[in-house]
Structure formats: structure tokens, C-alpha cells
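Chemist: Sharing a structure with you now.
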Amino acid sequence: MSRSSPSNGRRGQTEPLAALVAVSALIVGIGLYGLYLTDTLPGTTDRTTEETAVTRIKGDIETDGVVRSYDHDELEALIETESLPHGRNVYVQVTVVDDGRETVVADALFETDGQPNRDPIESGELEGPPAEAGVATRPVAVATRPGAVRGGTLLVGVWNG
């Protein structure tokens with residue numbers, strides 16, 4: 001029996017149309033995977049700068065889901081430089097409602113280089129973000145003293161320097 005029969009010569013070959021469909025399916029699959037990653041990876045969504053910053057800063061200042069304002073009065077020590085948007089000024093404020101009025105328990109101002117404001121300002125004396133700043137807020141649990149946890153608000157303002 002001859003090894004050069006017509007059926008043996010076609011072994012391993014693919015029809016051009018089938019190959020084109022397979023390559024097209026692969027390209028579509030890679031494109032859909034890329035869209036999925038864009039929606040799930042941090043920093044790659046269409047969220048605003050202040051929305052991203054407030055989420056990251058909240059993670060920096062919370063311990064076991066609570067912001068402990070009695071342990072520290074300087075947010076600058078807790079907030080990582082990587083959590084701040086580069087090249088932007090950032091104002092951070094934590095407030096609680098006490099006897100029907102909102103009270104600032106901690107605030108901080110960061111320069112465009114990610115460093116805290118160099119002018120010594122007491123907590124609660126900062127003016128807040130300017131009118132042109134993008135502002136985002138998140139509810140937070142704030143411990144004002146051991147065992148006393150109240151509802152509070154984390155506010156982050158971001159603007160160009």
C-alpha cells in the first residue's frame with residue numbers, strides 16, 4: 001500500500017473559512033476580556049478623580065471599618081501618597097453630627113506634590129475646597145472616644161493646582 005494516497009496528503013490542513021472564523025472568534029474573545037478588565041481594575045474606570053480618591057482615602061483612614069478620631073488628629077499621617085491624585089490639590093475632611101450640628105473632627109490639605117500643606121493649621125480651621133473643586137463624600141463610622149461610635153462623613157475635594 002502506497003503512503004502517498006490522496007487522503008494522507010491532506011492531513012493537518014484546515015479550510016481557509018474555518019481558520020478565518022477561528023481567528024475572528026479569538027480576537028472577539030480578547031476584546032471582551034479587555035473590556036471586562038477595564039471595568040474591574042482600579043483606576044481604569046470612568047470614575048472621576050475625586051470618586052477614586054475618596055475610596056482610596058477611606059481605606060487609608062479606617063481601621064476595622066471605623067475612623068478613630070480620638071487616636072489621631074492628623075489625617076496626614078494616615079493617608080498614603082499613592083491614594084492622592086498626582087498633580088492635584090486635595091482637601092480631606094471627616095465630620096460627625098453632634099447635638100444636631102455638624103462638627104469637623106479631622107481635616108487635611110495636600111499640595112499638588114502629595115505632601116501635606118506646609119502651613120501649620122489647626123484641625124477644623126481649613127476653609128475647605130474651592131468652588132471649582134470636584135467633591136465626593138462617603139459615609140463613615142467615626143469613634144470620637146473609645147466605645148463611642150457615631151455616623152460621620154468623609155469629604156474629599158480635588159482641584160487643579
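The values are calculated or read from the model by the stated rules, or taken from the named source; none is laboratory data. Treat the numbers as computed from the prediction; the structure is a model and nothing was measured. Here Cβ is always computed from backbone atoms with ideal geometry, including for glycine, and neighbour counts include all displayed protein chains.
Chemist: Answer yes or no as to whether Val96 is more than 14 Å from Val156 (Cα to Cα), surrounded by fewer than 17 Cβ atoms within 10 Å (Cβ to Cβ) and at pLDDT 85 or above.
Modeler: Against the criterion (more than 14 Å from Val156 (Cα to Cα), surrounded by fewer than 17 Cβ atoms within 10 Å (Cβ to Cβ) and at pLDDT 85 or above), Val96 does not qualify.
Table: residues versus (1) among the β-branched types (Val, Ile, Thr); (2) on the phi < 0 side of the Ramachandran plot; (3) in contact with a helix residue (DSSP H, G or I) (Cβ under 7 Å, 6 or more places away or on another chain).
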| site | (1), (2), (3) |
| --- | --- |
| Asp60 | no, yes, yes |
| Ile79 | yes, yes, yes |
| Ser83 | no, yes, yes |
| Arg88 | no, yes, yes |
| Tyr91 | no, yes, no |
| Ala108 | no, yes, yes |
| Glu111 | no, yes, no |
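Chemist: Can you say whether Thr63 is modelled with pLDDT under 90 and surrounded by 10 or more Cβ atoms within 10 Å (Cβ to Cβ), as far as the supplied structure shows?
Modeler: For Thr63, the condition - modelled with pLDDT under 90 and surrounded by 10 or more Cβ atoms within 10 Å (Cβ to Cβ) - is met.
Chemist: Right, another one. Examine the range 7-30 for a residue that is of a type in the set (Ser, Thr, Tyr), in a loop (DSSP other than H, G, I, E, B), closer than 27 Å to Thr112 by Cβ and at pLDDT below 90, and state whether such a residue exists.
Modeler: The answer is no, given that none of the residues of the range 7-30 is of a type in the set (Ser, Thr, Tyr), in a loop (DSSP other than H, G, I, E, B), closer than 27 Å to Thr112 by Cβ and at pLDDT below 90.
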